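Chemist: Got a structure here, written out as C-alpha cells. Questions coming.
The numbers here are math on the coordinates, done by the rules we state, and not lab data. The model shown is predicted, which means the values in this text are computed figures rather than measured ones. Positions of Cβ are generated from backbone atoms using ideal geometry, with glycine treated the same way; all protein chains shown enter the neighbour counts.
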Amino acid sequence: MKKLIFLLFLSLILSCQNSRNSISKPNVILINADDLGWSDLSLMGSKYYETPNIDKLADSGMTFYNAYASAANCAPSRASMLSGKYTTEHDIYTVGNSERGNKKTRKLIPTKNNKILDLDFILISEMFKSEGYTNGIFGKWHLGPKGFYPEQSGFDLNIGGCEKGGPGKGGYFSPYENPKIEDGPMGEYLTDRIGDETVKFIEDNQNRNFFAYVPFYSVHTPIQSKEVYREKYLNKTSDNHHNRPDYAAMIHSLDENVGKILNKIDELNLSEKTLIIFTSDNGGIRDISNQFPLRAGKGSYYEGGIKVPLIFSWENKIKSQSESYERIINIDFFPTLKNIIGYKNDNLELDGVDLSPIFQEEKIEERSLFFHFPIYLEAYNVQKDNGFDPIFRTRPGSVVIKGDWKLHHYFEDNNLELYNLKNDISESNDLSKENTEKTLELYSELNMWRNKRNAPIPNRLNPDYDKKFVDSLLVLIKNKKVRGRVFKKQKS
C-alpha cells in the first residue's frame, strides 16, 4: 500500500513538472508550401492571387522579405531545412538522377545525387520528440524511397508523407494514390484534407506540447483546382505575371486551409502557446507564375528560384506587423527552434543561426549564405524560364550571398557573375568585370567554404557533349522553332 501511495505521489510530481515544461515551451506549427513563389501572396504585392489568411498571419507576426530556401528545388531544400545542414552535408541536390537533360547538352559529368536523407541525421522532429512533444506530419515528405517514411524520424502521426514528390497520378482529388493517406469521399480535395487532418491533430493534442509539420502538396503540379474557385478567378482581371485562374484557385485553397489552422488555434486559446512558421520549399515555376521582378524560378539559383515568402508568428513574443530585411535561410529554423525550446544537445553542428534576436528587433551578426549545386536541371520552358541559358534552368555551380552582393560561379567554363541585389534585384547587370575587387573577395570566400566542406565539384568532361547540337538547338530556340520543354519527360 505504501509503495502504491509513493508511486501515485511520484506520478503527481512528474505530472506537475511536465505541466510546467508544457507552459514554458511553445507548440510549433511549420507550414511549408510546395513551389509557392516569393510574389505569390497578396501581402507580397500580388493583385491577382488572394491570400487573406496568410496576410492575417503576417499581420500577427514578422514578415521576412529576404528569406531564402537552401536549394532551388524540393528534396534538397526540405532535407536541409529539417536537418539544419547545407546540401554539401547530406548530398541531396535534386530529385532523381543528376544527369538531367539531353546528354549532348552537358559539358561535364555531374556529381552523383543522393536520394535518401540518412537516418544518422538528427531532424527537427527528433529534437521535439526528445523534449516530450507529440509530432505529426500532414503532407509531403519526399526524403527517401518507398518505406523510408517520417515514422522513422520522430513523427507519431503521418498523414500523406511518403516517397512521392507530388500528389501522384490521381492528382488532387480522391481517390488518392498515396500509401499514407486513406481515400476520402469521391472528389475530396487533397489540400482540404490536409487542413482538416491538421486541425484534428491540434484538437487532439491541445493539452500537451505538439509539433505539426504541414508541408502541403499544393501548389505543386499538376495544376488542379476546385472548379468553383477557378471560375472566380476566370472573372478577375489579371496581369502579365499572374494570370492563371487554376493556379490562383490552388493558392486560394491553400490560404483557406491555413485559415482553418489559424482559426483552430484561436478557438482553443493557444495563440500565446504556439509559434507558427509559414514558408515555401523553393521559388515558383516561372512558366506558371512569373516572379517578377525576380529572375527565373524553381530550379534556378537566380533569385526567383531560391527567394521565398517567410512569416514567423507568436502572440506576445513576436511583435505584430513587424518586418525584417535580414538575409536568412531555412537552415536557420533548426537553431532558432532549438534555442526557443531549450534543447541542450550542443553536438548537432548546425549550419544556420538563431533568429531569436531578430524577433526582438535586434541585428544578427552578418554572415554569408551559400548554395552548392554540382549537377544539371533542364528547362521547364525554353522561352520563359530566363535561367542560365534556354536549355537549362541551371548548370553546375555555386552561389554566395554576402550583404547585398551575390556571386554565381559556374563550373563548365569557370564563369563568374556578380550582382548587387539592392540595386538590381532582377540580376540583369553583371558587375563581375566592372567590380573585380568584390568578385575576387566573394570568389575567395566561396572557395574557402567549399574546401572546408569538401564540396564536390565536377570536372570530368562528358564524352557525349556535342557543341554543334547545342548551337543548332539554341538557334531553333532563338527563332522560336522550339517552345515549352525541349525534353518532355523530366522530374521536377
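Chemist: For GLY397, list long-range residues whose amide hydrogen, built 1.01 Å from N in the peptide plane, is under 5 Å from its own amide hydrogen.
Modeler: HN-HN under 5 Å from GLY397: PHE373, ILE375, PHE411.
Chemist: Okay, moving on. Work out the charge dipole of the chain with +1 on the Cβ of Lys and Arg and -1 on the Cβ of Asp and Glu about the Cα centre, then indicate which of ILE318, SER472, PRO335 is farthest towards its positive end.
Modeler: Going by the charge dipole, the pick is SER472.
Chemist: To the nearest 20 debye, what is the magnitude of the charge dipole of the chain about its Cα centre, counting +1 on the Cβ of each Lys and Arg and -1 on the Cβ of each Asp and Glu?
Modeler: For this selection, approximately 1340 debye.
Chemist: Then there is this: Assuming R0 = 51 Å, can you tell me the calculated FRET efficiency for the pair GLU362 and PHE469, based on Cβ-Cβ distance, to the nearest 0.05?
Modeler: Efficiency, from the Cβ-Cβ distance: 0.40.
Chemist: With the cut-off at 22 Å, tell me which of the pairs LYS307/LYS452; LYS85/LYS307; LYS298/LYS468; LYS140/LYS226 have Cα atoms farther apart than that.
Modeler: Check vs 22 Å cut-off fails for LYS307/LYS452; LYS298/LYS468.
Chemist: Looking at the range 370-478 from every direction and averaging, what is the projected area of its Cα convex hull in nm²? Numbers along the way, then the final one.
Modeler: Numbers: hull surface 31.2 nm².
Projected area, direction-averaged: 7.8 nm².
Chemist: Rank by packing, highest mean first: peptides 203-215, 358-370, with packing defined as the count of other Cβ atoms within 10 Å averaged across residues.
Modeler: Numbers: 203-215: 19.9, 358-370: 13.8.
My ranking of the peptides, most packed first, is 203-215, 358-370.
Chemist: Each residue of the range 373-382 in turn: what ³J(HN,Hα) in whole Hz from Karplus with 6.51, -1.76, 1.60 and θ = phi - 60°, glycine and Pro shown as x?
Modeler: 9, x, 9, 10, 9, 6, 5, 7, 9, 4
Chemist: Explain nothing, just compute: Karplus ³J(HN,Hα) = 6.51 cos²θ - 1.76 cosθ + 1.60, θ = phi - 60°, for every residue of the range 149-158 in order, whole Hz, x for Gly and Pro.
Modeler: Those phi angles translate into 10, x, 4, 7, 10, x, 8, 7, 9, 10 Hz.
Chemist: Still on this structure, please answer the following. Over the chain, what relative contact order in percent results from Cα pairs under 8 Å that are six or more residues apart?
Modeler: On the way: 1060 pairs, mean separation 111.2, N = 492.
It rounds to 23 percent for the chain.
Chemist: Can you give me the long-range amide H partners of SER280? Hydrogens built in the peptide plane at 1.01 Å from N, cutoff under 5 Å, separation of 5 or more residues or another chain.
Modeler: Those qualifying (amide H under 5 Å, at least 5 residues apart or on another chain) are ALA33.
Chemist: Can you compute 3J(HN,Hα) from phi for each residue in the range 277-290, using the Karplus curve 6.51 cos²θ - 1.76 cosθ + 1.60 with θ = phi - 60°, rounded to whole Hz and x for Gly and Pro?
Modeler: Result, rounded to whole Hz: 10, 10, 7, 10, 7, 5, x, x, 6, 5, 5, 9, 9, 5.
Chemist: Also: Mean Kyte-Doolittle of at least -1.0 and a Cα length of 30 Å or more along the axis: which whole DSSP H helices of the chain meet both?
Modeler: Working: long enough: 2-24 (33 Å, 0.77); 245-267 (32 Å, -0.38).
Those that pass (Cα extent of 30 Å or more, hydropathy at least -1.0) are 2-24, 245-267.
Chemist: Among DSSP beta bridges lying fully in the chain, give the percent that are antiparallel, nearest 5.
Modeler: Antiparallel: roughly 55 percent of the beta bridges in the chain.
Chemist: If you don't mind, another one. What is the fewest-to-most order of MET250, MET62 by other Cβ atoms lying within 10 Å of their Cβ?
Modeler: MET62, MET250
Chemist: Find which of PHE64, VAL482, TYR176 sits farthest along the positive direction of the dipole of the chain, computed with +1 on the beta-carbon of Lys and Arg, -1 on that of Asp and Glu, about the Cα centre.
Modeler: Working it through, the farthest residue towards the positive pole turns out to be VAL482.
Chemist: Counting DSSP beta bridges with both partners in the range 115-254, what percentage is antiparallel, nearest 5?
Modeler: Taking every DSSP beta bridge with both residues in the range 115-254, the antiparallel ones total about 10 percent.
Chemist: Check ASN135: other-chain or 5+ apart residues with amide H under 5 Å from its amide H, H built from backbone geometry?
Modeler: Those lying under 5 Å, H to H, from ASN135 are ASP156, LEU157, PHE211.
Chemist: Separate question: Based on Cβ point charges of +1 for Lys and Arg and -1 for Asp and Glu, what charge dipole magnitude is obtained for the range 370-478 about its Cα centre, in debye rounded to the nearest 20?
Modeler: So the dipole magnitude of the range 370-478 works out to roughly 300 debye.
Chemist: Report, in listed order, any pair from LYS115/LYS273; LYS146/LYS169; LYS200/LYS273; LYS112/LYS338; LYS384/LYS406 with a Cα-Cα distance greater than 26 Å.
Modeler: LYS115/LYS273; LYS112/LYS338
Chemist: With unit charges on the beta carbon (Lys/Arg positive, Asp/Glu negative), name the residue among LEU446, ILE391, TRP405 whose Cα is farthest towards the positive pole of the charge dipole of the range 370-478.
Modeler: Value computed over the given set: LEU446.
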